[in-house]
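Notes follow once the structure below has been shown.
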Amino acid sequence: MGTTSVNSSDLNGKELSAELLPEDQFQGVVEEVLESTSFIDIHTHLFSPAFGKIGLWGIDELLTYHYLEAEFFRSSAVTPEQYWRLSKRERADAIWQALFVENAPISESTRGIVAVLHEFDLPTDASGLEESRAFFRAQPLEGHIRRVLEISGVSSVVMTNDPLDPDEEQVWKSGGQKHELFHAVLRLDRILWGWPKHWQQLASQGYAVDEKATGKSIAEIRRFLADWQKRMRPLYMAVSLTDEFRYPDESVTSKILGEAVLPSCRELGLPMSLMIGVRRQVNPALRLAGDGVGKADLRSLENLCRSFPENKFLVSVLSRENQHELCVYARKFNNMMPFGCWWFLNNPSIVEEITRERIELLGTSFIPQHSDARVLEQVIYKWRNTRRTMAPILTNAYKLLKRDGRGVSRKDMQRDVNRLFRSNFENFTGLRGG
Ligand code: RAT
Ligand code: ZN
């Protein structure tokens, strides 16, 4: 734990130059290295073709992304109630009209749409969406996925798989998926904080559990997790938690996490991903776009990392105010890996601030970003933006290093980029060749 392999070649195995670079070449070489290195996208909501319609792609899905829906209601007189009565296509048209025709698309999420359209040579300023729709309709999915990941510089993506989602369950129980570009993750929101509403689903599948998780429940939850581990072969287990999350406390969440999930993670050799800080349904009328953010009490994370030293934790926190504490905890606990600038943090100004801080406190021992893409083509703009924001940050770090007396080669830069965007994750999860 907490270590990494040193890679002296690029991903194609070419020997890299150890010659020290002049400072004026730093930026260019950093950009080249970022551009030519394939990243692992460690958390998305994408699905392989085996999942059929659950996997979202194309212009109507891109435009109705909940990040854009939230922005739409600020620039349109349409109410949420009216909006939800529209078809998907009508919603996309309304968002295009309000955010792209009547206003300049300069927010992060709207600019992302422009970048995707431009990448496929589609009009970025048309009055309607006909041409874009025709383009996406004509794409065969498998080839389109490969092309999109190639453009994005991503070697594989990690899905979010909910074993209690009836649509997903069907797929997993009839052969699952074996696509080499998609890895599974066992997502446990419905079990960890949604237990009162979902325990009966486990009961109906033959697991002897009850509402308060008493008696045999803990052993039975562990049996459920082991069965799903066999079925999915996930890289890690995961949950998103509110700003009010506390560990330990008297809640059923604490009990299931501490007595069932973390022991199972240990037994099965899987890290646990904790995404902390969402304030659920601040405005329920907006549905998926209705969640907000709150500062969490990270002492709960401290308690977990200390009480479960044999467990590994991947951790992302949603509030800007929690970022510094997260770095400090990472310095105390090498069984914890900070990752990503999630959701409302995934904007260049904030990514820059957080990433600089992480480098200053943690060197290269963290995972700077994941895409959180829900719609396939989003990986194009999200990873482009990450590389664009990352280049001056790394360049600046190397300049400071040189001015303090140590030179830097292309080989050094490649080793660092591999570690940040690949091997920290590979080593943490045991993934090989992802
Ligand atoms: O970023 C998002 O799309 C959020 O809605 C959440 O899904 C979050 O990423 C999560 O995984 O809970
Ligand atoms: Zn997510």
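The values are calculated or read from the model by the stated rules, or taken from the named source; none is laboratory data. The structure displayed is predicted, hence computed values, not measured ones. With ideal geometry, Cβ positions are generated from the backbone for all residues, glycine too; neighbour counts draw on all protein chains shown. All accessible areas refer to the heavy atoms of the entire protein, side chains included, with ligands and DNA or RNA removed. Shrake-Rupley method; radii C 1.70, N 1.55, O 1.52, S 1.80 Å.
Residues in region 161-171: is at least one farther than 30 Å from Thr253 by Cβ and exposed (fewer than 12 other Cβ atoms within 10 Å of the Cβ)? Explain how you work it out, then say what you get.
Initial filter on region 161-171 (farther than 30 Å from Thr253 by Cβ): none.
Within region 161-171, none of the residues are farther than 30 Å from Thr253 by Cβ and exposed (fewer than 12 other Cβ atoms within 10 Å of the Cβ).
Looking only at region 302-341, which residues are open to solvent by 10 Å² or more (accessible area, probe 1.4 Å), touching a residue at least 40 places away in the same chain (Cβ under 8 Å), in a loop (DSSP other than H, G, I, E, B) and among the hydrophobic types (A, V, I, L, M, F, W, C)? Listed by number, the list holds a single entry, Phe308. Given the criteria more than 20 Å from the chain's Cα centre (by Cα), under 21 Å from Trp343 (Cβ atoms) and of a type in the set (D, E, K, R), does Asp297 qualify? It is true that Asp297 is more than 20 Å from the chain's Cα centre (by Cα), under 21 Å from Trp343 (Cβ atoms) and of a type in the set (D, E, K, R).
Remark: pairs (first residue in region 361-378, within 19 Å of Asn418 (Cα to Cα); second residue crowded, with 20+ Cβ neighbours inside 10 Å and among the hydroxyl-bearing types (Ser, Thr, Tyr); Cβ separation under 6 Å; 6+ apart in sequence or on different chains) = Pro368/Thr355; Gln369/Thr386; Ser371/Thr44. The number of residues in region 234-244 being more than 16 Å from ligand 2 (Cβ to nearest atom) and within 30 Å of Glu426 (Cβ to Cβ) comes to 0.
Filtered by the rule that a residue be within 16 Å of ligand 1 (Cβ to nearest atom) and not aliphatic (A, V, I, L, M), region 17-61 gives Asp41, His43, Thr44, His45, Phe47, Gly55, Trp57, Glu61. Here Glu150 meets each of (1) charged (D, E, K, R); (2) more than 17 Å from Thr44 (Cα to Cα); (3) open to solvent by 50 Å² or more (accessible area, probe 1.4 Å) with one exception, condition (2). Among the residues of region 37-52, the ones that are closer than 18 Å to Phe428 by Cα, within 16 Å of ligand 2 (Cβ to nearest atom) and not β-branched (Val, Ile, Thr) come to 2 in all. Residues of region 260-296 that are open to solvent by less than 10 Å² (accessible area, probe 1.4 Å), away from ligand 1 (no atom under 16 Å from the Cβ) and farther than 20 Å from Arg246 by Cα: Ser264 alone. Among residues of region 213-241 that are over 18 Å from Phe47 (Cα atoms), those with a Cβ under 6 angstrom from a residue that is basic (Lys, Arg) and away from ligand 1 (no atom under 16 Å from the Cβ), sequence gap 6+ or separate chain, pair up as Ala213/Lys255.
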